Amino acid sequence: MRLGYRCRMRILLVEDNAELALWLVRALQARHFAVDHLADGLAADRALASVPYALVILDLTLPGLDGLEVLQRLRRRGGDTRVLILTARGEVADRVRGLNLGADDYLAKPFELDELEARITALLRRSAGHAGAMQVVGALAFDPVQRSFTLDGRPLALTPRELAVLEVLIRHAGRVVRRQQLFEQVFALDDDVNPEVLDLYIHRVRRKLETADVAITTLRGLGYLLERRRDAG
């Protein structure tokens, strides 16, 4: 695998064993992976709601939130981050439940670092193939690698918050995104933000799309929908 490929992909390690986590972070960084570490399930849930990680290595026994609950919340939000469950639990029931909840792979402790690296590499290759595809709705296009939008082939100027709102909507294009789901993904790390501020950003993004053939539709009681205008040619 090319070094540049690895460096584009960011991994979140969620492990509360400080000694093991330190060893894993150092070992993976030495193999040129970009790694963030969290030791708490609640912190991991918030990070995964706001940061586009390519892969999460997730322990099951965590403070705050159990690893399976972190996984379940991720999938409920529609998150497609690859998940490798890494745990001392060797029971078949735990493995099956994790896979049924949306985990992509499972590795029980103790393990060989070479095997972990091989599994990470395989999952990131799949993630790169999924994430690398341009997402297009009418004249609006999103490049997930560069995290940038174009409209009619020209760069669309967006603030970071506006971009985050539109990214969530285009990733779910043609499907309703619940208001709470959108708020959590855009403002997950901001405890003091009033949910009503979401209306402001929806309004701003709508203004930037007002001459386009795509629009954000509000479905009262349900959420928001990004779709082509019905009167578009």
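Antiparallel as a % of all DSSP beta bridges within the chain, to the nearest 5?
In the chain, DSSP labels about 50 percent of beta bridges as antiparallel.
Using Cα pairs under 8 angstrom and six or more residues apart, how large is the relative contact order of the stretch 178-230, in percent? Numbers along the way, then the final one.
Numbers: 33 pairs, mean separation 16.7, N = 53.
Relative contact order, the stretch 178-230: 32 percent.
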Read phi for every residue in the stretch 156-164 and hand back ³J(HN,Hα) as whole Hz from Karplus 6.51 cos²θ - 1.76 cosθ + 1.60, θ = phi - 60°, with x for Gly and Pro.
9, 6, 9, 6, x, 5, 4, 4, 4
Ignoring ligands, DNA and RNA, what accessible area per residue does the stretch 135-228 give at 1.4 Å, in Å²?
54
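Charges only on Cβ, +1 for Lys and Arg, -1 for Asp and Glu: so what's the dipole of the chain about the Cα centre, in debye to the nearest 20? Write out the running numbers ahead of the final one.
Working: 34 positive and 32 negative charges, 200 e Å.
Computed charge dipole of the chain: roughly 960 debye.
About its Cα centre, what dipole magnitude does the stretch 135-228 give when the only charges are +1 on Lys and Arg Cβ and -1 on Asp and Glu Cβ, stated in debye to the nearest 20?
Values: 13 positive and 13 negative charges, 62 e Å.
Approximately 300 debye in magnitude.
What do you reckon, how do Tyr224, Tyr201 stack up by accessible area (1.4 Å probe), largest on top? Numbers along the way, then the final one.
Working: Tyr224 15, Tyr201 35 Å².
From most accessible down to least: Tyr201, Tyr224.
When only C-alpha pairs under 8 Å and at least 6 residues apart count, what is the relative contact order of the chain, in percent?
On the way: 345 pairs, mean separation 33.0, N = 233.
Here the relative contact order equals 14 percent.
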Rounded to the nearest 10 Å², what accessible area does His172 have for a 1.4 Å probe in the complete protein model?
20
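Given Cα pairs under 8 Å that are at least 6 residues apart, what percent is the relative contact order of the stretch 10-125?
Working: 183 pairs, mean separation 26.6, N = 116.
Worked out over the stretch 10-125, it gives 23 percent.
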Farthest toward positive dipole pole in the stretch 10-125 [+1 Lys/Arg, -1 Asp/Glu at C-beta], among Phe33, Ile85, Leu74
Leu74
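The values are calculated or read from the model by the stated rules, or taken from the named source; none is laboratory data. Since the model is a prediction, treat every value here as computed from it, not as a measurement. Ideal geometry is used to build each Cβ from the backbone, glycine not excepted, and the neighbour counts take in all protein chains shown. With ligands, DNA and RNA removed, areas are computed over all heavy atoms of the protein, side chains included. Shrake-Rupley method; radii C 1.70, N 1.55, O 1.52, S 1.80 Å.
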